[in-house]
Amino acid sequence: MTSFQSTIGDEEGIAEELAEGQREISIAEFFEKNKHMLGFDSGARGLVTAVKEAVDNALDATEEAGILPDIYVEITEVGDYYRLVIEDNGPGITKEQLPKVFGKLLYGSRFHAREQSRGQQGIGISAAVLYSQLTSGQPAKITSRPKGQSRAQYFELIIDTDTNEPEISADEETTWDRPHGTRIELEMEANMRARQQLHDYVKHTAVVNPHARLELREPGLDEPLKFERATDELPAETEEIRPHPHGVELGTLIKMLEATESYSVSGFLQEEFTRVGKKTADGVIDNFRDVYYGRELSWSPPRAHDDGDVASAVSEAVANKGAEATTAFAEGVAETVENDDRVTRSELAAIVDDVAETVEGDTGKTFGGTVRENAVDAGWRAITGRGDADDEEADSGDGPDESPLVPDVYALVDEATSTRKDDAAVQSMAEALARRFENLDGDAFRVTRDDLERLVADAASFVAEQRDATFGETARENVVEAFWSRARTVPDDPPKVKSIAGDRDAAADLLEAMRTTDILAPPTDCLAPITAELVEAGLRKEYDADFYAAATRDAEVHGGDPFIVEAGIAYGGEIPAEGSVELLRFANRVPLVYQRGACATTDVIKQIGWRNYGLDQPGGSGMPNGPAVISIHVASTNVPFTSESKDALANVPEIEDEIELAVREAARELKSYLNKRRSMQQRREKQDVLGRILPEMADKVSEVTGRPRPDIDGALARIMNNVSVEREVNGETVSLVVENHSDVNEQLDITDIVSAEPTDLSDGTVVDMDGEWFVQWKPEIPSGDERELTYAVDGDPEFEVSVGGVETEKLTVND
Amino acid sequence: MTTESDARDELIDLAADFYDQFAAGSIPEMTLPTRTKSNIEYDEESGVWTYGDRTSTRSANSVRGARKLLKAAYTIEFLANQLDDDRSSTLRELYYLSESWNNDEAQFNSQDESNDLVEDLEIVTGVTREDFHMRPEESGAKVMGPLELREQTNRGDREIHCQLDVGQGGYQIPNNPDTIEFLDNDAEFVLCVETGGMRDRLVENGFDEEHDALVVHLGGQPARATRRLTKRFRDELDLPVVVFTDGDPWSYRIYGSVAYGSIKSAHLSKYLATPEARFIGIQPEDIVEYDLPSDPLSDSDVNALESELEDPRFQTDYWEEQIELQLDIGKKSEQQSLASRGLDFVTDTYLPERLGEMGVI
């Protein structure tokens, strides 16, 4: 068979030929071909995106400078093109920076900062410039006047798509009436088919930026669209933060390891991450040792005068130190070891060092490194039967000699498994495990938890085969835990940062250690939530509704980036009742107007059961219907979008959960409002019906009994659980009888307007207002009680009573 | 019982109660005994079952309650006028008549509603609907036997002998049997018969003549007039009363309403029920004894029997024994099943035997 490979191989020089066609692509060139990725896929959309990028920049710039934003957007038709002008009152841009900001893609101050801001990649505005030059051939015309300078700088520039560098065609000083700010003028091929999205964008920007003043002029508007400020309070200033250990990925970690100036892991962790101090760094390093080196299994030392006596083993291992010193040394080591229930090789080494130094001090003899090592080896052999005594091992052969580890292992396995395990099974498990421990590399029985789990599982399946005794998952876990909890973290120093950076596995171990260590959530001063009050104020400003609610969640973390979700709901009033509710989506205070269907916020709204909250939802899922506006704001140092054009939030579970909680929090308020409204409506209906029926019934009974029509107001008020206010005029005495038939105490505010001067008030106050007298009472009337408010007045005056402090539905006034 | 002018006064008094409640600033309401099986009690004195102490209140506090009371007020007016004019009307006419009232809210939605309201008014005023001049739609049943009576009709008083002056069908009981005056009788006992077929059999066989029996046709669940007349036979003529029905749980209820009163009209038990009435058959025991042709009990029959065991009206040794026997044999038989022994078996053998056992003849 002729392979394809060989055919190619025959054609000499093809790789070279191909290589000739291969060259670097400039970033500007790339985006020129991929405009849609940045939201410039059509003339209609391009215009909206350009406005959005310029306005986002203007808002970021003004806020950063602590200036209340005042932004002007104008779109005019110029022949076949549209001219877009955006002006702000920001701090201006220096002459040096300006060409780069507008004339170079991926140039920006925020990409590397973990801080909440609207723009992030430094693509947006320069992409607009690029789009404008590509479609109209015109340069961008930019004027900027930095604060404090008397004159402004005027530039005309285009982007050289080959080099991604600005090409300046005009650079001159000019005058500008704004004291500071930036103005950009772009001409582009466009159309106004996306007028609705443009208006939505501007309107929604006003909703989430109640501190901004916005003005939009475009050819389709007779009057400019103006959005005034609802607050003079700027959003809280944000602080830049370092990444959080729980949020970095392996590639990022390796890059950080390569870039850091720190030498030790501890220093690296404390320098480069937020929320890591010495203690947390130590915690991470301990966890790192456990995964990188494994732990050392610990063993119980033999009791004195047991067969393998530590003291005699150590004293045998020491030569030429004199009997006194040797004994002191050997006994010192043995005693210390016996004081511990269990000991690891590293601990033994530490004990030997410790005792050696003491004995050196006492006797003047020197216990050098070799002696100490020999002593450790001998002692360890005495404890575990393990060491480089090759001859002994050869002697034992494959005889029935059991490993000296077995009794120790047996004790732990027996303790860890249920009492129902029969003794033989436990014994053979202990033997199988001990054999596997013996086979571990080195003398110290170092094992990682993963390996330990593997060994135990392996031993369990061996026992299952041989003995027909099962060690189930729980039993195995208990055994692993018994050994792991008694194993000790090794004292070895962690590798240096440089070597971890060069060792992918070590870096992965470090990442695992970072993730398993408990670390405080990242600080949230890098975020500027709108706050519940201002979310509500924003909705109030732009939507004339009957009810508003808002909720701000506490900060949470995803991928090391803190985020905060806020939700608001407006209901009723002028909001159209037909069709589904309006969903306003915001990320870092930027309205998202495209790709609603692809957005995580939409998914969350759709899966909430809105019928529970009093909204109509056909089929019990999907977008709810009714006169409501739901607004959702996600603020984060790194908002996860589905694409570079930043139209839709990606489905990140942590963020979706918070969105749901925030929306439900606001929706609960909506529900109680709707319930109350419904019960008020029922009350009104009841009032209507009873207000019709009862007088008719009274008429009928008076007809049948031949008596005059009875007064039924008392009965009516009582039925409605009402507060009734009834006027009785008796000669000169006027009294208002207030009866509270409701089941709660009522705090009323009663004003009687009289056309003659009242005297002798029972209580309350009277104010003369141009020949009309306002008599005011503020009685508190307990449930089921009544109060008589009286005064005297001459002649035949006119009265008009008004009652506040109680819902009109609950009030019956008989004036 | 009440007279007609009393009836009118009682109605006006009820309206005046509503009036006074309004005037006192309180919510008009009407309290009635709760009309359920669990709220009927045995009245030792009269031997019938009447409503117990539990009450329910119709109050104008709710839209439903207010509508009921409004309808009550309109109905009171209508009844009072009807009594003034000495006219009468049927329950169904009342229902249709409400359409002519000038108030939509006062109109009845169904005839059950107007029937219930009239019963409510009976209970609250203590006046029977006959005294309100309200008639039921269904006519009373028929009587055949040696009795002479005088009935007040719209066309003057008529004297009628219930054997000699009537056709094969017998004497038609008027809606208000209190308009009847008994003149003379040779009767020995009263035999109430459930089905028309059996009544015709007895008449054809001359049972009434042979045994001087007043044969009363119940026609299923007996109308008030039939029950009232039966009670008067017992009370005024001092005649023993026996009830002859099919041998199934539904028929025992027919006996129950004759003897003890019905749950819906327990307020009138003292006026309608004949506690001395005794059950002649078909007894479950007879099904066994006479080996009558039978049908198996259906599920609803069994349920009905079990519910009767819990019905306070049937908690007597006799009924418990019979019902348990029937549940045991799982069979029911109709009156006509006696025909399996010949057409004359019922008049020649079964009834005389049973009446003899019961000491009636």
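With the checklist (1) open to solvent by less than 70 Å² (accessible area, probe 1.4 Å); (2) modelled with pLDDT of 85 or more; (3) not in a strand (DSSP E or B) in hand, flag the one item residue A:806 doesn't pass.
So the condition that residue A:806 fails would be (2).
Just for region A:40-75: of the residues that are part of a helix (DSSP H, G or I) and charged (D, E, K, R), which one is nearest to residue A:192 (Cα to Cα)?
From region A:40-75, those part of a helix (DSSP H, G or I) are A:43-64; that's our starting set.
Pick out the ones that are also charged (D, E, K, R) and you get A:45, A:52-53, A:56, A:60, A:63-64.
Values: A:45: 9, A:52: 15, A:53: 17, A:56: 20, A:60: 26, A:63: 30, A:64: 32 Å.
The extreme case among them is A:45.
Against the conditions (1) within 14 Å of chain A (Cβ to nearest Cβ); (2) touching a Lys or Arg at 6+ places or on another chain (Cβ under 7 Å); (3) basic (Lys, Arg), where does residue B:8 fall short? Just the number, please.
With (1) within 14 Å of chain A (Cβ to nearest Cβ); (2) touching a Lys or Arg at 6+ places or on another chain (Cβ under 7 Å); (3) basic (Lys, Arg) applied to residue B:8, the lone miss is (2).
Scanning region B:219-256 for residues that are assigned to a loop (DSSP other than H, G, I, E, B) and closer than 20 Å to residue B:46 by Cα, which turns out most open to solvent (accessible area, probe 1.4 Å)?
Pass one, region B:219-256, residues assigned to a loop (DSSP other than H, G, I, E, B): B:219-223, B:238-240, B:245-246, B:248.
Keeping just the survivors that are closer than 20 Å to residue B:46 by Cα gives B:238-240.
Values: B:238: 106, B:239: 8, B:240: 48 Å².
So the residue we want is B:238.
Against the condition at pLDDT below 85 and more than 60 Å from the chain's Cα centre (by Cα), how does residue A:721 come out, does it pass?
Numbers: at pLDDT below 85: yes; more than 60 Å from the chain's Cα centre (by Cα): no.
Spelling it out, it is not the case that residue A:721 is at pLDDT below 85 and more than 60 Å from the chain's Cα centre (by Cα).
Check off (1) at pLDDT 90 or above; (2) more than 37 Å from the chain's Cα centre (by Cα) for residue A:513 and give me the number that stays unchecked.
(2)
Looking at this structure, is residue B:38 more than 14 Å from every other protein chain (Cβ to nearest Cβ), modelled with pLDDT under 85 and farther than 30 Å from residue B:277 by Cα? Break it down stepwise before answering.
Values: more than 14 Å from every other protein chain (Cβ to nearest Cβ): yes; modelled with pLDDT under 85: yes; farther than 30 Å from residue B:277 by Cα: no.
It is false that residue B:38 is more than 14 Å from every other protein chain (Cβ to nearest Cβ), modelled with pLDDT under 85 and farther than 30 Å from residue B:277 by Cα.
Which condition number does residue A:713 fail, the rest of (1) over 30 Å from residue A:568 (Cβ atoms); (2) acidic (Asp, Glu); (3) more than 10 Å from chain B (Cβ to nearest Cβ) being met?
Status for residue A:713: all satisfied but (3).
List, please: which pairs have Cβ atoms under 7 Å, are six or more places apart or on different chains, and start with a residue in region B:342-361 that is at pLDDT below 90 and end with one that is surrounded by 13 or more Cβ atoms within 10 Å (Cβ to Cβ) and among the acidic types (Asp, Glu)?
Note: pairs meeting the criteria are B:361/B:188.
Surrounded by fewer than 16 Cβ atoms within 10 Å (Cβ to Cβ) and either more than 13 Å from residue A:693 (Cβ to Cβ) or within 14 Å of another protein chain (Cβ to nearest Cβ) (or both), is that true of residue B:105? Reasoning before the result, please.
Values: surrounded by fewer than 16 Cβ atoms within 10 Å (Cβ to Cβ): no; either more than 13 Å from residue A:693 (Cβ to Cβ) or within 14 Å of another protein chain (Cβ to nearest Cβ) (or both): yes.
So residue B:105 does not fit the description; no.
Please find, within region B:41-70, the residue that is farthest from residue B:277 (Cα to Cα) out of those that are open to solvent by less than 40 Å² (accessible area, probe 1.4 Å) and at the interface with chain A (Cβ under 7 Å from one of its Cβ atoms).
The selected residue is B:63.
Do any strands (runs of 3 or more DSSP E) entirely within region B:166-218 hold 1 or more residues that are within 29 Å of residue B:353 (Cβ to Cβ) and aromatic (Phe, Trp, Tyr), and if so, which? Full working, then the answer.
Working: elements: B:180-185, B:189-193, B:213-217.
So the answer is B:189-193.
Of the residues that sit in region A:44-95 and are open to solvent by less than 40 Å² (accessible area, probe 1.4 Å) and among the hydroxyl-bearing types (Ser, Thr, Tyr), which one is farthest from the chain's Cα centre (by Cα)?
Restricting to residues being open to solvent by less than 40 Å² (accessible area, probe 1.4 Å) and among the hydroxyl-bearing types (Ser, Thr, Tyr), the top hit is A:82.
Could you go through region A:433-450 and let me know if any residue there is open to solvent by 80 Å² or more (accessible area, probe 1.4 Å), more than 22 Å from residue A:380 (Cα to Cα) and either at pLDDT 85 or above or in contact with a strand residue (DSSP E or B) (Cβ under 7 Å, 6 or more places away or on another chain) (or both).
Going through region A:433-450, the residues open to solvent by 80 Å² or more (accessible area, probe 1.4 Å) turn out to be A:435, A:439, A:441, A:450.
Retained after the next criterion (residues that are more than 22 Å from residue A:380 (Cα to Cα)): A:450.
Okay, now just the ones that are also either at pLDDT 85 or above or in contact with a strand residue (DSSP E or B) (Cβ under 7 Å, 6 or more places away or on another chain) (or both), so A:450.
Scanning region A:433-450 turns up at least one residue that is open to solvent by 80 Å² or more (accessible area, probe 1.4 Å), more than 22 Å from residue A:380 (Cα to Cα) and either at pLDDT 85 or above or in contact with a strand residue (DSSP E or B) (Cβ under 7 Å, 6 or more places away or on another chain) (or both).
Of all residues in region B:295-354, how many are within 22 Å of the chain's Cα centre (by Cα) and not in a helix (DSSP H, G or I)?
Total meeting the criteria: 4.
Checking the condition open to solvent by less than 30 Å² (accessible area, probe 1.4 Å), of a type in the set (Ser, Thr, Tyr) and away from chain B (no Cβ under 14 Å), which residue from A:613, A:673 passes? Reasoning before the result, please.
Values: A:673 fails: open to solvent by less than 30 Å² (accessible area, probe 1.4 Å).
On inspection, the qualifying residue turns out to be A:613.
Any residue at all in region A:400-411 that is out of contact with any Cys (no Cβ under 6 Å at 6 or more places or on another chain), open to solvent by 20 Å² or more (accessible area, probe 1.4 Å), among the hydrophobic types (A, V, I, L, M, F, W, C) and at pLDDT below 85?
No, region A:400-411 has no match at all.
Residue B:132 is checked against (1) free of Cβ contacts under 8 Å to residues at least 40 places away in the same chain; (2) open to solvent by less than 10 Å² (accessible area, probe 1.4 Å); (3) part of a loop (DSSP other than H, G, I, E, B) and fails just one. What number does that condition carry?
Here residue B:132 meets the rest and fails (1).
Among (1) surrounded by fewer than 22 Cβ atoms within 10 Å (Cβ to Cβ); (2) farther than 25 Å from residue B:130 by Cα; (3) not aromatic (Phe, Trp, Tyr), which single condition is residue B:202 missing?
(1)
Within region A:266-275, can you find the residues that are in contact with a His (Cβ under 9 Å, 6 or more places away or on another chain) and either open to solvent by less than 40 Å² (accessible area, probe 1.4 Å) or aromatic (Phe, Trp, Tyr) (or both)?
Going residue by residue through region A:266-275, those that are in contact with a His (Cβ under 9 Å, 6 or more places away or on another chain) are A:273-275.
Selection gives A:273, A:274.
Within region A:687-698, which residues are at the interface with another protein chain (Cβ under 9 Å from one of its Cβ atoms) and crowded, with 16+ Cβ neighbours inside 10 Å?
Across region A:687-698, the qualifying residues are A:689, A:690, A:693, A:694, A:696, A:697, A:698.
Among the residues of region A:653-670, which ones are farther than 20 Å from residue A:609 by Cβ and either open to solvent by less than 10 Å² (accessible area, probe 1.4 Å) or at pLDDT 90 or above (or both)?
First, the residues of region A:653-670 that are farther than 20 Å from residue A:609 by Cβ: A:654-655.
Selection gives A:655 alone.
In region B:73-86, is there at least one residue being open to solvent by 30 Å² or more (accessible area, probe 1.4 Å) and away from every other protein chain (no Cβ under 14 Å)?
Yes: one or more hits.
Does residue B:29 satisfy being within 14 Å of chain A (Cβ to nearest Cβ) and open to solvent by less than 60 Å² (accessible area, probe 1.4 Å)?
Considered against the rule, which asks whether it is within 14 Å of chain A (Cβ to nearest Cβ) and open to solvent by less than 60 Å² (accessible area, probe 1.4 Å), residue B:29 comes out as no.
Checking residue B:15 against (1) more than 9 Å from every other protein chain (Cβ to nearest Cβ); (2) over 27 Å from the mean Cα position of the chain (by Cα), which single condition isn't satisfied?
(1)
Do you know which of the residues in region B:325-341 that are of a type outside the set (Lys, Arg), touching a residue at least 12 places away in the same chain (Cβ under 8 Å) and more than 28 Å from residue B:210 (Cβ to Cβ) is surrounded by the fewest Cβ atoms within 10 Å (Cβ to Cβ)?
Within region B:325-341, the match that is surrounded by the fewest Cβ atoms within 10 Å (Cβ to Cβ) is B:330.
Considering region A:705-757 alone, what residues qualify as being of a type outside the set (D, E, K, R), open to solvent by 10 Å² or more (accessible area, probe 1.4 Å), over 30 Å from residue B:14 (Cβ atoms) and part of a loop (DSSP other than H, G, I, E, B)?
Answer for region A:705-757, where residues must be of a type outside the set (D, E, K, R), open to solvent by 10 Å² or more (accessible area, probe 1.4 Å), over 30 Å from residue B:14 (Cβ atoms) and part of a loop (DSSP other than H, G, I, E, B): A:731, A:744, A:745, A:755, A:756.
In this structure, is residue A:461 open to solvent by 30 Å² or more (accessible area, probe 1.4 Å), modelled with pLDDT of 85 or more and over 43 Å from the mean Cα position of the chain (by Cα)? Don't jump to the end; show me each part of the working.
Details: open to solvent by 30 Å² or more (accessible area, probe 1.4 Å): yes; modelled with pLDDT of 85 or more: yes; over 43 Å from the mean Cα position of the chain (by Cα): yes.
Yes, satisfied.
The values are calculated or read from the model by the stated rules, or taken from the named source; none is laboratory data. Quick caveat, the model's predicted, so the values are computed rather than measured. Note that each Cβ is placed from the backbone with ideal geometry, even for glycine, and that neighbours are counted across all protein chains shown. The accessibility values were calculated without ligands, DNA or RNA, using every heavy atom of the protein model including side chains. Shrake-Rupley method; radii C 1.70, N 1.55, O 1.52, S 1.80 Å.
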